[in-house]
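**Student:** Take this structure first; my questions come after.
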Amino acid sequence: MKLQHYLLGGALCAFSMSGLAAEMKNPLSVHVLNLQTGVPTAGIEVELDKKQGEEWVKLAQGTTNEQGRIPALYPAGQKAQIGIYRVIFKTGDYYKKNAQPTFFPEIPVMFNLDNADQHYHIPLLLSQYGYSTYRGN
């Protein structure tokens, strides 16, 4: 394990870059923030699909962590492939677990991965009756 050393506030800090580097190599991450509470939304299941011809093929799935993130959603060990993808945020399941109604049981976000060497980040700003998304960084 390779340790990196940095001076932070007068103190010498050491940490491993291996875990961070592995996450940074993954070409896709997502983040969910709750617009009603202003905090990250943990526990939302997210699916990644790739369009192949007229069909969608499921590549991966994950669940948002305590920071509302899935830092590495693309299948581990695979290089990104150019194409049309979608992430499906399973918001209905999340709201049902929290005994709250929602208008959008799933939120599919389609996007074009047009550069296999770039990182793609898809944030979702969520409320029970609305949402917004954009390409983050």
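Since every read-out is calculated from the coordinates, none of them should be taken as a lab result. The structure presented is a predicted model; accordingly, all values stated were derived computationally and were not measured. As a convention, Cβ positions derive from the backbone with ideal geometry for all residues, glycine included, and neighbour counts pool all protein chains shown.
**Student:** How large, in Å, is region 28-137 by the Kirkwood hydrodynamic radius built from its alpha-carbon pairs?
**Tutor:** Hydrodynamic radius (Kirkwood, Cα pairs) of region 28-137 is 14.2 Å.
**Student:** If you filter region 43-130 for trypsin sites (Lys or Arg not before Pro), then keep DSSP loop positions with at most 11 other Cβ within 10 Å, what is left?
**Tutor:** Values: sites: Lys50, Lys51, Lys58, Arg69, Lys79, Arg86, Lys90, Lys96, Lys97; in loops: Lys79, Lys90.
Those that pass, being in a loop and sparsely packed, are Lys79.
**Student:** Going through region 26-110, which GluC sites (Glu not before Pro) have at most 10 other Cβ atoms within 10 Å and a DSSP loop state?
**Tutor:** Glu54, Glu66
**Student:** Using θ = phi - 60° and the Karplus relation 6.51 cos²θ - 1.76 cosθ + 1.60, list the HN-Hα couplings for region 110-126 in order, rounded to whole Hz, with x at every Gly or Pro.
**Tutor:** 8, 8, 9, 8, 10, 9, 5, 9, 9, 9, 10, 10, 10, x, 10, 9, 10
**Student:** OK, next. For region 39-137, which chymotrypsin sites (Phe, Trp or Tyr not before Pro) pass both filters: DSSP loop (anything but H, G, I, E, B) and at most 11 other C-beta atoms within 10 Å?
**Tutor:** For chymotrypsin sites (Phe, Trp or Tyr not before Pro) across region 39-137 that sit outside H, G, I, E and B with at most 11 neighbouring Cβ atoms in 10 Å, the list reads Tyr129, Tyr134.
**Student:** Rg (Å, one decimal) plus Dmax (Å, integer) for the alpha carbons of region 76-132?
**Tutor:** For region 76-132, the Cα-based Rg and Dmax read 14.3, 41 Å.
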